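To start, the structure under review is shown below, and the notes come after it.
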Amino acid sequence: MSTSNILLKTQGIIKYFHDPETFQVLKGIDIEVHKGEFLSLIGKSGSGKSTLLYLLSTMDMDFEGKLVINGEELTGKSPDYLARFRSEHIGFVFQFHFLLPEFTALENVMIPALKLGKYSEEVIRQKAMEKLDLLGIADQAKKASSRLSGGQQQRVAIARALINDPLLIMGDEPTGNLDSVNSKIVFDTFRKLTRDLGQTIITVTHDDDFAAKTDRIIEMKDGKIIS
Amino acid sequence: MNVILKIAKTHLLSKPKQTLVAMLGVTFGIGMFIMMISLMTGLNNFTEDLTKIASADIRIYKDVTEPRATLLDRIRPESLNWVHHVKPKNESDKIRNARQIADLLRQDPEVIGVAPRLTSQVFYNFGPVKLNGSVAGVDILEEDKLFDLHSKIKAGSLAALKTTSNGLIIGSGLAKKLSAQVGDLLMVTTPQGVIYTMKVVGIFQLGLGEIDNVRSYANLSTVQKLLGKDASYITDLNLKITNYREAKAKAQTIQAAYGNKAEDWETANATLLAGAIIRDIMTYSVSITLLIVAGFGIYNILNMTIYSKMKDIAILKATGFAAKDVTGIFLTQSLIIGLIGSLMGLVVGFVFSLLLAQVPFDGGELLSLDSLPISFDTKYYIIGIVFGVLTTALAGWMPSRKAGKIDPIEIIRGI
């Protein structure tokens, strides 16, 4: 693959935890992620995979090394700039849905776009409905998010991650809290997004079956990439 | 709608009881403030009005008891002199060139009016009984400019005094004691023993017993005649100035310029006005205490809200809300609580002030007052709302800032 196709690139990322005592979590990570790739990060607990994911997502910028997303060097940028960058280019799906319980499913999907403020509220509402439709839960749009089932909630969370048409979706064990039926739905959704829409997805997972079906697996051990 | 405002609103509406309690804290604080300040200011204004009835902005007189240089000091200024128990000189308390001073003062743009006055102790003869009192010899039209006398006239008229050389306008209390009416003749005895027949041409009521019961007004020339003095004999010059709040400074410049003692109304009534300062201190300290309590309430409630919304804050930050946006969400909530709470407080304060104004209050013989004096100055309503919003902003600031600083990773991974 050519370099122009590289969406995310890291160089020599080193990360320490200082609490309770200084401990090196990441020991020089170099990875490249291509556009439209469905990538999974696996490894045992404490291997540093989640830590790496949060570095890649720009939420944790306390590390040594270089992080480039979409050709833009992000190390050393201000927190406000990074918040804006995340809002525009990165979507998140966590193990728990983290929906705002007071809002409806539709509003939960809309909020990141309202914050970004690129489109009018009407356009955003329409886009949000499209995303919910894509995930097959358009009929739940008006329900309070706290009244949906676990699987539905996770799908609303995915719709929320998609609302700003991000370059990259990050998943932190997106199926970790779901039964096999819902896990399959989430996986199929991700599959469809990457294959049909060219979406790039990076997920951390414990689920080997899930990982096996992704495009590429990066396995980590003791802060290093082993395969 | 702005997304921050929308989230803030949803948070407030999702826990209406808690929001209402927080608002009521502010309402109570501001309501009490308005109520107390209205009453206290009403009382202060009332005492101030009373003193304004009794004394002019500035009074110029000759202070014969002023300490003076002794003869020894004048002859031997270089030596250390000690003269025991210096007594005042026997000198007249007349202001020299009073009319010229009055004319000069009238040219001062800050001076609205100058009224000369000569007061004499008298006895009012009521059959065999002699009532103690005083007669103020005045130029009644000048006096009216200073003390607004025409509105205090209960019977007769001011103008009648001008045309009646032995005319007398007596206080209402005095008229009652003497059972005198307009047109009656009255015998007046001076301390020198001169008996003079005067004609009552008017009755006034200032609303202050200590004046209404003893004082009467006569023409200046009549009182000069009563005392056997010449036409230049004037003991007091009363001044009204454009801004009575600056009387103190003005009095000092006048005293320096003319050499006579000039006393401002605040100094003359220091004991009465001391109460005003104490009332102000009380009002503000009680109100601030109440607001601090309300502030702590808001601080607590916001802290609890933020604690229960940790996950929401984490996800908002993950999806692109900056620290200042999150701070904004919670600060907006406390400002909404503060604003609505304060507005309700203003209404509550206003209603209670209206009720207080109905409370009957008997001022007795001394004061003409039938209900509590309440001030409805808009200034205090503005202070109230500014106070309320500031307190809540301050109380909301710390928890909101803390919310903005929450590290989303800790929350997301900590589960």
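The values are calculated or read from the model by the stated rules, or taken from the named source; none is laboratory data. Owing to the predicted nature of the structure, the values given are computational and were not obtained by experimental measurement. Here the Cβ is made from the backbone with ideal geometry for all residues, glycine too, and neighbour counts use every protein chain on show.
If I filter the stretch A:48-64 down to residues being within 13 Å of the chain's Cα centre (by Cα) and over 16 Å from A:Gly223 (Cα atoms), which single residue comes out as farthest from the other protein chains (Cβ to nearest Cβ)?
A:Thr58
What is the residue count in the stretch A:24-45 for residues that are in contact (Cβ under 8 Å) with a residue 40 or more places away in the chain and within 13 Å of chain B (Cβ to nearest Cβ)?
1
Would you mind stating whether A:Pro79 is farther than 30 Å from A:Asp179 by Cβ and out of contact with any strand residue (DSSP E or B) (no Cβ under 7 Å at 6 or more places or on another chain)?
The answer is yes for A:Pro79.
Restricting attention to the stretch A:71-81, does a residue exist that is touching a residue at least 24 places away in the same chain (Cβ under 8 Å), more than 13 Å from every other protein chain (Cβ to nearest Cβ), assigned to a strand (DSSP E or B) and surrounded by fewer than 18 Cβ atoms within 10 Å (Cβ to Cβ)? Quick ask: steps written out before the conclusion?
Filtering the stretch A:71-81 down to residues touching a residue at least 24 places away in the same chain (Cβ under 8 Å) leaves none.
No, that holds for no residue.
Kindly establish whether A:Val181 is in a helix (DSSP H, G or I) and either of a type in the set (Lys, Arg) or closer than 30 Å to A:Arg84 by Cα (or both). Please lay out each step first, then the result.
Working: in a helix (DSSP H, G or I): yes; either of a type in the set (Lys, Arg) or closer than 30 Å to A:Arg84 by Cα (or both): no.
No.
Do we have B:Phe387 as within 14 Å of another protein chain (Cβ to nearest Cβ), of a type in the set (Phe, Trp, Tyr) and buried (at least 21 other Cβ atoms within 10 Å of the Cβ) here?
Working: within 14 Å of another protein chain (Cβ to nearest Cβ): no; of a type in the set (Phe, Trp, Tyr): yes; buried (at least 21 other Cβ atoms within 10 Å of the Cβ): yes.
No; evaluated as a whole, the condition is false for this residue.
Without any contact (Cβ under 8 Å) to a residue 40 or more places away in the chain, over 30 Å from B:Val111 (Cα atoms) and either surrounded by 15 or more Cβ atoms within 10 Å (Cβ to Cβ) or in contact with a Cys (Cβ under 9 Å, 6 or more places away or on another chain) (or both): which single residue out of B:Ala180, B:Ala155 fits that description?
So the residue among B:Ala180, B:Ala155 that is without any contact (Cβ under 8 Å) to a residue 40 or more places away in the chain, over 30 Å from B:Val111 (Cα atoms) and either surrounded by 15 or more Cβ atoms within 10 Å (Cβ to Cβ) or in contact with a Cys (Cβ under 9 Å, 6 or more places away or on another chain) (or both) is B:Ala180.
Looking at the structure I just gave you, is B:Asp139 within 30 Å of B:Glu110 (Cβ to Cβ), assigned by TED's automatic domain parsing to the domain that holds B:Leu118, of a type outside the set (A, V, I, L, M, F, W, C) and free of Cβ contacts under 8 Å to residues at least 24 places away in the same chain? Give the steps one after another, and end with the answer.
Numbers: within 30 Å of B:Glu110 (Cβ to Cβ): yes; assigned by TED's automatic domain parsing to the domain that holds B:Leu118: yes; of a type outside the set (A, V, I, L, M, F, W, C): yes; free of Cβ contacts under 8 Å to residues at least 24 places away in the same chain: no.
When the stated conditions are applied, B:Asp139 does not pass them.
Would you please name the residue that is nearest to A:Val156 (Cα to Cα), looking only at residues in the stretch A:102-116 that are surrounded by fewer than 24 Cβ atoms within 10 Å (Cβ to Cβ) and within 8 Å of chain B (Cβ to nearest Cβ)? So that I can check it myself, show each step before the final result.
So in the stretch A:102-116, the residues surrounded by fewer than 24 Cβ atoms within 10 Å (Cβ to Cβ) come out as A:102-104, A:106-107, A:114-116.
Adding the requirement that they be within 8 Å of chain B (Cβ to nearest Cβ) leaves A:102-103, A:114-116.
Numbers: A:Glu102: 14, A:Phe103: 12, A:Leu114: 16, A:Lys115: 18, A:Leu116: 19 Å.
Ranking the candidates gives A:Phe103 first.
Does B:Ala69 satisfy being more than 30 Å from B:Asp139 (Cβ to Cβ) and either out of contact with any Gly (no Cβ under 6 Å at 6 or more places or on another chain) or free of Cβ contacts under 8 Å to residues at least 24 places away in the same chain (or both)?
Working: more than 30 Å from B:Asp139 (Cβ to Cβ): yes; either out of contact with any Gly (no Cβ under 6 Å at 6 or more places or on another chain) or free of Cβ contacts under 8 Å to residues at least 24 places away in the same chain (or both): yes.
Considered against the rule, which asks whether it is more than 30 Å from B:Asp139 (Cβ to Cβ) and either out of contact with any Gly (no Cβ under 6 Å at 6 or more places or on another chain) or free of Cβ contacts under 8 Å to residues at least 24 places away in the same chain (or both), B:Ala69 comes out as yes.
Quick check on A:Leu99: is it under 27 Å from A:Ser183 (Cα atoms), surrounded by 22 or more Cβ atoms within 10 Å (Cβ to Cβ) and touching a residue at least 40 places away in the same chain (Cβ under 8 Å)?
In short, yes.
For the stretch A:198-220, does any single residue satisfy the condition of being of a type in the set (Lys, Arg), without any contact (Cβ under 8 Å) to a residue 12 or more places away in the chain and surrounded by fewer than 22 Cβ atoms within 10 Å (Cβ to Cβ)? So that I can check it myself, show each step before the final result.
Going through the stretch A:198-220, the residues of a type in the set (Lys, Arg) turn out to be A:213, A:216.
Of the ones still in play, those that are also without any contact (Cβ under 8 Å) to a residue 12 or more places away in the chain are none.
No, that holds for no residue.
How many residues, within the stretch B:303-329, are more than 16 Å from A:Glu102 (Cα to Cα), in a helix (DSSP H, G or I) and among the β-branched types (Val, Ile, Thr)?
So the answer is 2.
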